[in-house]
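What follows draws every value from the coordinates through simple rules; no lab data is involved. In this text the structure is predicted, and so the values were computed from the model without any measurement. With ideal geometry, Cβ positions are generated from the backbone for all residues, glycine too; neighbour counts draw on all protein chains shown.
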Amino acid sequence: MMKNYTYTEKKDTRSGFGAGLSELGNINPNVVALCADLTGSLKMDAFQKAHPDRFFQVGIAEANMMGIAAGLTIGGKIPFTGTFANFSTGRVYDQIRQSIAYSDKNVKIAASHAGLTLGEDGATHQILEDIGLMKMLPNMVVINPCDYNQTKAATIAVAQHHGPVYLRFGRPSVPNFTPADQPFVIGKAVLLQEGTDVTIVATGHLVWKALEAAEILHGKGISAEVINIHTIKPLDEEAILKSVSKTRCVVSAEEHQRHGGLGDSIAQLLARKLPTPQEFVAVNDSFGESGTPDELMKKYGLDTINILEAVEAVTKRK
């Protein structure tokens, strides 16, 4: 039976992070926050006002921020670093690798404005390689929630996890459909829609697009199973294999480069354990450009219609 997913409002996922961080500040005195001159953009204002002694504005010095965060963990603090995803990864990769991942430091890297939907700021500020960069690091957990409620829940959950975490979210307002009380379990996928003909595995902003596609497919007599992979590493292999063993084909959908992202991880899993036809909805080896989020998602093949086209292609390869 087709589930009817609805939403009452659209909200940006960065605000979900801000709300989660604010709540954490009230319940866990060891949580501290660092920001690289983007407090408003990261929605860290409430935490800063409520806990000024636990908030550190480091300025436009992202590498220094990562080093400070690593040091704070030695004293038992749980630091959340905040800046754009591009500056949270590519600009500071050496510091993350050496000072955080290698040492297994308890740092939470909060990365906003990820992917193409950063929009008008253009290719220099958008990043489509960050998931690949971070998932390759040993000890690093990689999380990419789909809406406001899930981002808030993820923010609270990662504070309970000991070890480095990369938490990725965005700027645009997107449908907020996840129940506010839904538990967030790191590494555990969420089955949104059961189906028998094709598995659609999506992450981040593409989860809602996958649900839209599943509804259209249902009208055409095609039964699509939709899985929300909010945790890309560790990957919920059991959930994927269970679904694909039934549908015998899969489409992965993500706001990231085709190389190194969620689809890449799924392909590796299937190659090892269950060789299966797969199609990828992702950016195909390209930088972005300036434009509105909707314009860019359409131009670079990350829209509902692209998922439908991928489903058509992959079902023919069964």
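What to note about this one:
- Helix 148-158 vs. the chain, principal-axis angle (Cα, 0 to 90°, nearest 10): 60 degrees
- Relative contact order (percent, whole number), segment 10-175, Cα cutoff 8 Å, 6+ residue spacing: 31 percent
- With the convex hull constructed from alpha-carbon coordinates only, segment 224-315 shows a mean projected area of 6.0 nm² over all directions.
- Computed over segment 193-288: relative contact order in percent, which uses C-alpha pairs under 8 Å that are six or more apart: 32 percent
- Sequence of Met66, Met1, Met136, Met44 once ranked by neighbouring C-beta atoms within 10 Å, starting from the fewest: Met1, Met136, Met44, Met66
- Model label points for Lys299 and His259, set 7 angstrom from Cα along the Cα-to-Cβ axis, are 2.2 nm apart.
- Loop-located GluC sites (Glu not before Pro) in segment 221-310 (DSSP state other than H, G, I, E, B) with a sparse environment of at most 16 neighbouring Cβ atoms within 10 Å: Glu289.
- Modelled spin-label separation between Asp45 and Ile216, with each label point placed 7 Å from Cα along the Cα-to-Cβ direction: 3.7 nm.
- The ranking of His205, His162 from fewest to most other beta carbons within 10 Å of each one's beta carbon is His162, His205.
- Nearest 10 degrees, 0 to 90: helix 206-219 Cα axis against the chain principal axis: 20 degrees
- Sparse-neighbourhood loop sites, trypsin sites (Lys or Arg not before Pro) in segment 104-175 - DSSP loop, at most 13 other Cβ within 10 angstrom: none
- Compared with the rule-of-thumb size 2.2 N^0.38 Å for a compact globular protein, the chain has a Cα radius of gyration ratio of 0.96.
- The chain: relative contact order in percent, alpha carbon pairs under 8 Å with at least 6 residues between: 18 percent
- Summing charges over all other residues whose Cβ lies under 9 Å from the Cβ of Pro164, with Lys and Arg as +1 and Asp and Glu as -1, gives +1.
- Counted by neighbouring Cβ atoms within 10 Å, the residues Thr73, Thr196 run from fewest to most as Thr196, Thr73.
- Kirkwood-based Rg to Rh ratio, segment 25-159, C-alpha trace: 0.93
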